[in-house]
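Here's the structure, in structure tokens; my notes come after.
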Amino acid sequence: MNELADPLVTEADALEDIPLPRARETLLGHAEAEQALLAAYRSQRMHHAWILAGPKGIGKATLAFRFARFALAHPDPAAPDVLNATDLTLAPDHPDFRKVAGGAHPGLLHLRRPYDPKRKSKDKIKQDLTVDEIRRTVPFFGSTGSEGSWRICIVDAADDMNTNAANALLKVLEEPPRRSLFLVLSHAPGRLLPTIRSRCRLLPMRELVHEEVLAGLAGLGVAEPSSRTAQRAADLAHGSLRKAITLADGDTIALADSFAGLVSHLPQLDTAAAHALADQVSKHGADDAWSLFHDLVGEHLHTLIAGHRGQPLPRLVRVSEVWEKTTRAAREADAFNLDRKQVVLNALRDLADAARP
């Protein structure tokens, strides 16, 4: 199957009607991170491996591809176009931009969770970034490029690597090929192998601010900034444009509103409303709603803990136990295909118990 023909099927984390990071022309926020990469590149002392670190969906991949395009188009860090550049912008009609956007640039290797048409499940994307993916670096760096050109590898995301893949990446980082650059994306860099972290330069990237998320939703044609949908999605997304995109629909916003209405009356629990919410979260294909419900429970419990400071310790313990119980139940439901509706109902009952004096 041609990846470009159906990216929703073949590309990990693809979103319907939304350009992939490799094809995005603009970068929202992250001016400091962009300037750090540009300054390091034209200093001619560019570290061979970088960890772009920050929460999922804030633009790490967009920045990685943005830098890769720039370096591939301007392989000489001392060239006037590099020294005079104010950012990493490359015109969308530039040949290197078009090749990267199409996933066909010979100087760029994008490693991510692979598409597997033989998988029996509906989702044909593997759960791990496998060692076979990492081993694609061997022929990639072994091939002969044009004189003075870069070979750039984007690992997207390193958090998806299994143990064998992580060890394989470490081996490549320990003996980097000449004129090679690695851009390793990570949502939680502290969980990476210490030996991988020690061989990379860390570039922290912050969550997007509310206005940047709104601008992103507008720029992608998802929702107008002044609309309640955009405002509510930005509130719930906590700085992740990707999350805001998935939240910006009527059903998801209605779910968040229903949850807010339910917990506002705790410890009294409206049984009919609780069942209606559980039906919405647990229906077939409602993975975004399921994920959002878990986030909403965590945020509510965090608010309870903040409000209970100075209160008796047993209340704080009770609240923390609800979070631990709910998280464990959700994890088991996903692992063993258990009834999500019962997990939701149990969580709501536990929230009601935690709200009692």
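What does the C-alpha gyration tensor say about the overall shape of the stretch 249-355? Classify as rounded when a/c is under 1.5, otherwise prolate if a/b is larger than b/c, or oblate. It is prolate, given that a/c is not under 1.5 and a/b is the larger ratio. Kirkwood-type hydrodynamic radius, the chain: 22.5 Å, calculated from all non-identical alpha-carbon pairs. Any of LYS118/LYS325; LYS118/LYS341; LYS99/LYS283 with alpha carbons more than 32 Å apart? Name them for me. Beyond 32 Å: LYS118/LYS325; LYS99/LYS283. Give me the lysines in straight-line cross-link reach of LYS243: C-alpha distance below 19 Å, same-chain residues under 8 apart excluded. Those lysines meeting the cut-off are LYS56, LYS60.
Put the Cα centre of the stretch 252-283 next to the Cα centre of the stretch 149-188 and the gap is 43 Å. Rounded to the nearest 10 degrees, the angle from helix 210-219 to the longest Cα principal axis of the chain is 70 degrees. A straight chain from SER227 to ALA91 at 0.36 nm per residue would run longer than the Cα-Cα distance by 45.8 nm.
Within 10 Å of each residue's Cβ, count the other Cβ atoms and sort LEU301, LEU129 from fewest upward.
LEU301, LEU129
Taking 0.36 nm per residue of sequence separation and removing the Cα-Cα distance, the LEU338/HIS47 pair yields an extension gain of 100.1 nm. Ranked by the mean number of other Cβ atoms within 10 Å of their residues, highest first, the peptides 193-199, 102-108 come out as 102-108, 193-199. Sequentially through the stretch 60-71, phi angles give Karplus couplings (6.51, -1.76, 1.60; θ = phi - 60°) of 4, 5, 4, 5, 4, 5, 4, 5, 4, 4, 4, 5 Hz, Gly and Pro residues having no value and appearing as x. A cut-off of 5 Å between modelled amide H atoms, ignoring neighbours fewer than 5 places along the same chain, links VAL184 with TRP50, ILE51, LEU52, VAL155. Note on the chain: with charges restricted to the Cβ of Lys and Arg (+1) and Asp and Glu (-1), its dipole about the Cα centre is near 1080 debye. Sorting the segments 183-191, 229-237 by their mean number of nearby beta carbons within 10 angstrom, highest to lowest, gives 229-237, 183-191.
Give the distance, in whole Å, between the Cα centre of the stretch 86-109 and the Cα centre of the stretch 22-49. What the calculation gives is 14 Å, centre to centre.
Evaluating 6.51 cos²θ - 1.76 cosθ + 1.60 at θ = phi - 60° for every residue in the stretch 267-276, the Karplus couplings come out as x, 6, 10, 6, 4, 5, 5, 5, 5, 5 Hz, glycine and proline recorded as x. The shape of the stretch 144-264 comes out prolate: with a ≥ b ≥ c from the C-alpha gyration tensor, a/c is at least 1.5 and a/b beats b/c. Where a ≥ b ≥ c are the square roots of the eigenvalues of the C-alpha gyration tensor, would you call the stretch 224-297 rounded, which needs a/c under 1.5, or, failing that, prolate if a/b is larger than b/c, or oblate? Because a/c hits 1.5 or more and a/b exceeds b/c, the stretch 224-297 counts as prolate. Note that the stretch 318-330 has calculated 3J(HN,Hα) couplings of 4, 5, 5, 5, 4, 5, 5, 5, 5, 4, 5, 5, 5 Hz, one per residue in order, obtained from phi through the Karplus relation 6.51 cos²θ - 1.76 cosθ + 1.60 (θ = phi - 60°); glycine and proline are x. Projecting each Cα onto the charge dipole of the chain (Lys/Arg +1, Asp/Glu -1 at the beta carbon, about the Cα centre), which of ALA329, LEU255, VAL138 comes out farthest on the positive side? Ranked along the dipole, the leading option is VAL138. Beta bridges per DSSP, both residues in the chain: antiparallel share near 5 percent.
Quick note: the coordinates plus some simple rules give every number you see, no bench work behind them. Model, not experiment: these values are computed from the prediction. A quick note on method: Cβ atoms are made from the backbone with ideal geometry, for glycine too, and the neighbour counts reach across all protein chains shown.
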